[in-house]
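Following: one structure in structure tokens, then a few remarks.
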Amino acid sequence: PAPACRLYCLPAPRHSTAVIPLKFTSVSQAVRLYLAGYYPFDHPDCDHIYWHREEVRPVIYLGPDTIRKARRIESRVRVPYVLKENTAFEEVLHILGDERVKPRSWVKGGVGSMYRELYAQGLVRTTEAWLDGRLAGALLTIEISRVCLAETMFWLAPDSSKVCLCQAVRRYTE
């Protein structure tokens, strides 16, 4: 059988073991850095990106227990969200960069531009929760080979980002 796919949850920088400030130059550069364990944060003063690598990073193995937990979480959500994928990429990026929604957001400047380039190459996916025709929450993932990196998410309504994460777990285990 094929090895289980992994969903990586990336933490905010605290005690980074490595930091590389780089200007984004290509999708292949970003892919190489992601595969080496780095993840991006916006440089506040220029169009460079800080690439961080932590010594220890949480990894969610997508096995039977994780699938059961995701189903249990979804069953407890009482709001009738409509889940969609890749229908509002620019709106998701805009909200992720909004400090009122996502304090200390890194999804701006160079990182936002990089996400757009990765999206154009099919390497970024948004999982969106909609309520009454409005975006209520979303999860942004980077997909490289059989690895999915859960980069960031937001919620504007209760549990909306949770159902997006549960949807991603289902998608990568089916």
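Arrange the residues E117, E143 by how much accessible surface each exposes, largest first, with a 1.4 angstrom probe. Before the final figure, lay out the partial values.
On the way: E117 90, E143 30 Å².
My answer, sorted largest first, is E117, E143.
Using only the heavy atoms of the protein chains and a 1.4 Å probe, how would Y38, Y115, Y50, Y172 rank by accessible area, largest first?
Ranked from most to least accessible, the order is Y50, Y172, Y38, Y115.
Taking Rh as the Kirkwood radius, which is the inverse of the mean 1/r over Cα pairs, what is the Rg/Rh value for segment 42-132?
On the Cα set of segment 42-132, Rg over Rh gives 1.02.
Accessible area of D65, 1.4 Å probe, to the nearest 10 Å²?
Answer for D65: close to 90 Å² accessible.
Leaving ligands, DNA and RNA out of it, work out the accessible area of S145 with a 1.4 Å probe and give it in Å² to the nearest 10.
120 Å²
Using alpha carbons only, how many angstrom separate the centre of segment 124-174 from the centre of segment 27-44?
That distance is 20 Å.
Name all residues of segment 129-167 having a backbone nitrogen under 15 Å from the label point set 7 Å from the Cα of V27 along its Cα→Cβ direction, giving them as ranges.
142-145
Considering only Cα-Cα distances, which of the following residue pairs are longer than 24 Å: K23/K162; K84/K162; K102/K162?
K23/K162
Heavy atoms only, probe 1.4 angstrom, no DNA, RNA or ligands counted: give me M153, M114 ranked by accessible area, highest first.
Ranking M153, M114 by accessible area, largest first, yields M153, M114.
Normalized C-alpha radius of gyration of the chain, against 2.2 N^0.38 Å?
My calculation over the Cα atoms of the chain gives 1.02.
Solvent-accessible area of Y61, probe 1.4 Å, all protein chains present, reported in Å² to the nearest ten, please.
Using a 1.4 Å probe on the heavy atoms, I get roughly 130 Å².
Quick one: helix 109-120 against the long Cα principal axis of the chain, what's the angle to the nearest 10°, folded into 0 to 90?
60 degrees
Quick check for you: with a 1.4 Å probe and neighbouring chains kept, what is the accessible area per residue of segment 49-127, in Å²?
I get 60 Å² per residue for segment 49-127.
Could you work out what % of the accessible surface of the chain is carbon and sulfur, using a 1.4 angstrom probe and leaving DNA, RNA and ligands out of the count?
With neighbouring chains kept in place, the figure for the chain is 53 percent.
The values are calculated or read from the model by the stated rules, or taken from the named source; none is laboratory data. Fair warning: this is a prediction, and the values are worked out from it, not measured in the lab. A quick note on method: Cβ atoms are made from the backbone with ideal geometry, for glycine too, and the neighbour counts reach across all protein chains shown. Just the protein is used for accessible areas: all its heavy atoms, side chains included, with ligands, DNA and RNA removed. Shrake-Rupley method; radii C 1.70, N 1.55, O 1.52, S 1.80 Å.
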